Amino acid sequence: MNLIERVIAISRRRSPWICRLNAGSCNGCDIEITPLLSPRYDAEQLGVELHGTPKHADIVLISGTLTLRSREAILDIYAQVPNPKAVVALGSCPASGNVFAGSPLVLSESLDSVVPVDVWVPGCPPRPQAILDGIARAAKLLEDGATKSQLESRRGRLS
Amino acid sequence: MNAVWSSLGSYLLAFAVWPGLLLAAPLGWLELWFMRKLVARLQGRQGPPFFQPFFDFMKLLGKETVIPRGVNRGIFLALPVVSVAAVTAALAIVPLPGNPAPSLPGDVVLLLYLMEVPILCEVLAGYVSRSIYGQVAAMREALLSLAYNLPFLVAIIAMAQEAGSFQMSTLQAAPYGLVHLLAAVTFLLALPARMKLNPFSIANAEHEIVADSHIEYSGPPLALFKLSHAVELVLLTELFAVVFIPATPWPLVNLLVYLAAGVAVLGGVTLLATATARLRLTQAFRFYWVWGGLASAVTLAATLVR
Amino acid sequence: MAMLKTILGNLLRPPRTRDPADMPEVPPVYRGALAHDAARCTACGTCAFVCAPKAITFTQEPGVSVSWHFFIGQCSFCGLCAQNCPTRAISLQADAPGATNSAAGDGLRLESVIRLQPCTRCGAAHVPLPDATIEALWGVEEAERGYCPECRRRAASEKLRAAFVPAEEAHHDR
Ligand code: SF4
Ligand code: SF4
Ligand code: SF4
């Protein structure tokens, strides 16, 4: 690994820009992202910036129950995020559907079956520090080149 | 022939090293960091680490570029390059101490022209990207530039009138007077909107239109746009310092004074940005045409009176 | 102007931001991840019954053990299970569960194994009664502690019978 690549890898950890995606959430998880921008948690101390467009993002925070209609939206947004990228699943909903599992318009399956998830943040909703921890973990994975999409593309290049 | 080559060489030097890209980029990152840190501290937050703008830039360089479907590739990729080149070229004209480029008669006109190019690039970037949000941002940027350019251009032109020449070095050396003061106020009036800072951050209103006109940009082109913004910060603050701060005979002292003045100006506009909320486009327009117009009229009148 | 005073005041004060490693305390009544104490559990199934998102499930290996499973990715941290557990085998921990990397699976899954024991009287495998429950149950004698539910019922009815019917008659009945 030469110097430039090393610097870029470090920058990936130090500058994770996030974009959030509500896949049918009750808004509990999204509300808990707001404190990250407040003085107490201040995600900017880790270099985190909240962006509205997936084109600028490195990490997508996906919250909420996956519904039949949000599936397409998730795939679309995920495809728009430029590589390398990471996905953080917030709360119980993306992992299983939570209390909504089994209702007719809900996918009732893990987010992993739609897009590759790198970090799971448990909670309903998760506490802000857990979300910050999740972002930091995803940023570390980006530095190590160990997110699922990075591993995937490396495998694609080798074969 | 030799003279042409040597002056070309000094222009290249000015463009690439000082006050051009090699030194202006770190300086721009420093100013960017200073602004972000100050905003954070004013809000009671910790704020970003010192190298944050650098990390952002390097990270963007290492990312993939996604080009939206149906977009003209050539224009899409050329805009950020043109933008960076134009601001850097503009900065190379500013007679900062140690600038190797010779001063030309009429370079103020060139400077003012080059300073419009990044705005043009931004407007085009919004329209080219074929995103609704980008187009709204581009429209806002274009309209707003009609407003803030009035006091901005008048401030510089009044100084040219005062110095009796359209040459940067004469402007810098003009004897200090009332016009300096009035023109400085007029210039400062236009500054927040030029920097797209808060009461006038209408074109990059992330809460309303998601992002600025770079909404569809990603990876290295976005990095170049960010770099262009950083260099533009240096350009605007140093232009203010060079034109309105009285120079001393010692270049090194001048340089320090200019840099300090630049940081002070940034601190002032950042304070304003943190203390205010965003105006609507019509309000900003009215502000610039009424108050900016008034300041411009007074400044121009002062140049004529003498 | 008031705004200016506030923000300039912020500038003079140290920032209120906390380090990622030094995050605010979680309130003591916070409902965090579940903890399960196999030694207290009677495998009654109440917790799985009251759990709306079905985060708690049971599996069994007949004659050997019963397992209590919990998947945090399905839990809504309502606390009903802990509230309804008759033996207080479930508790909700008062700390926020942290994030987990995907390499470790899809988050926290707990499994707690309850070993079946042979009945000291008839030998049938059964879920042993937790000690605390035995203390609480009236009239369970030392010798009956290892009984399976069936034998316990039998022992209780024998005791009842002994109290009402004279010994020789009882013998006769049999
Ligand atoms: S995990 Fe809980 S808080 Fe988050 S979206 Fe689902 S139901 Fe709402
Ligand atoms: S944990 Fe409590 S409620 Fe659940 S099966 Fe065990 S004893 Fe019953
Ligand atoms: S806390 Fe609520 S949702 Fe979670 S396991 Fe217990 S009953 Fe189920």
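No value in this document is a laboratory result; all are computed from the given coordinates. Remember, it's a predicted structure, so these values are computed and weren't measured experimentally. No Cβ is skipped: glycine too gets one built from the backbone with ideal geometry, and neighbour counts run over all protein chains shown.
Amide H contacts under 5 Å for C:Ser67: C:Thr59, C:Gln60, C:Glu61, C:Ile114, restricted to partners 5 or more places along the chain or on a different chain, H placed in the peptide plane at 1.01 Å from N. Take every pair of alpha-carbon atoms less than 8 Å apart whose residues are at least six positions apart; their mean separation over the length of chain C yields a relative contact order of 21 percent. How many angstrom lie between the Cα centre of the stretch A:106-159 and the Cα centre of the stretch B:1-18? Using only Cα atoms, the two centres lie 51 Å from each other.
Placing one equal scatterer on every Cα of the stretch B:185-306 and applying the Debye formula, the log10 ratio I(q)/I(0) at q = 0.11, 0.14 Å⁻¹ is -0.49, -0.76. Seen from every direction in turn and averaged, the convex hull around the alpha carbons of the stretch A:7-60 projects onto 4.1 nm². Answer rounded, prolate or oblate for chain C, using the Cα gyration tensor with square roots of eigenvalues a ≥ b ≥ c: rounded when a/c is under 1.5, else prolate when a/b is larger than b/c, else oblate. Prolate.
Size check on the stretch A:1-135: the Cα extents along the three principal axes, sorted descending, read 52, 32, 22 Å. Counting only Cβ charges, +1 for Lys and Arg and -1 for Asp and Glu, the dipole size of chain B around its Cα centre is about 580 debye. When B:Lys226, C:Lys5, A:Lys140 are sorted by how many other C-beta atoms sit within 10 angstrom of their C-beta, beginning with the fewest, the order is C:Lys5, A:Lys140, B:Lys226. Shown is the FRET efficiency for A:Glu152 and A:Leu68, computed with R0 = 30 Å from the Cβ-Cβ distance and rounded to the nearest 0.05: 0.70. Cβ crowding within 10 Å ranks A:Ile74, B:Ile75 as B:Ile75, A:Ile74, fewest other Cβ atoms first. Here B:Leu124, B:Leu79 are placed in order of increasing Cβ neighbour count within 10 Å, fewest first, which gives B:Leu124, B:Leu79. Our summary gives the stretch A:3-142 a relative contact order of 28 percent, counting only alpha carbon pairs under 8 angstrom and 6 or more residues apart. As an equivalent ellipsoid, chain B spans semi-axes of 30, 24, 20 angstrom, where each value is the square root of five times an eigenvalue of the C-alpha gyration tensor, largest first. Toward the positive end of the charge dipole of the protein assembly as shown, with +1 on the Cβ of Lys and Arg and -1 on the Cβ of Asp and Glu, the farthest Cα among A:Val99, B:Leu104, A:Val81 is that of B:Leu104.
Averaging the Cα positions of each part gives two centres, and for the stretch B:60-93 and the stretch C:15-61 these lie 51 Å apart. What the pair-distance distribution of the protein assembly as shown shows, using all Cα-Cα distances binned every 10 Å from zero, is 3, 13, 20, 19, 14, 10, 7, 5, 4, 2, 1, 1, 0, 0 percent. The modelled label-to-label distance between B:Glu64 and A:Arg6, using points 7 Å beyond Cα along the C-beta direction, is 2.7 nm. Here the protein assembly as shown is assigned +1 on the Cβ of each Lys and Arg and -1 on the Cβ of each Asp and Glu. Its dipole about the Cα centre then comes out at about 560 debye. Roughly how far apart, in whole Å, are the Cα centres of the stretch A:1-56 and the stretch B:171-204? Each part's Cα centre sits 34 Å from the other's. A simple spin-label model places the labels of B:Asn2 and B:Arg73 4.8 nm from each other, with each point 7 Å out along Cα-to-Cβ.
Remark: for residue pairs A:Lys55/B:Lys196; A:Lys55/B:Lys37; A:Lys55/C:Lys54; A:Lys55/A:Lys140; B:Lys226/C:Lys5, the C-alpha separation exceeds 28 Å in A:Lys55/C:Lys54; B:Lys226/C:Lys5.
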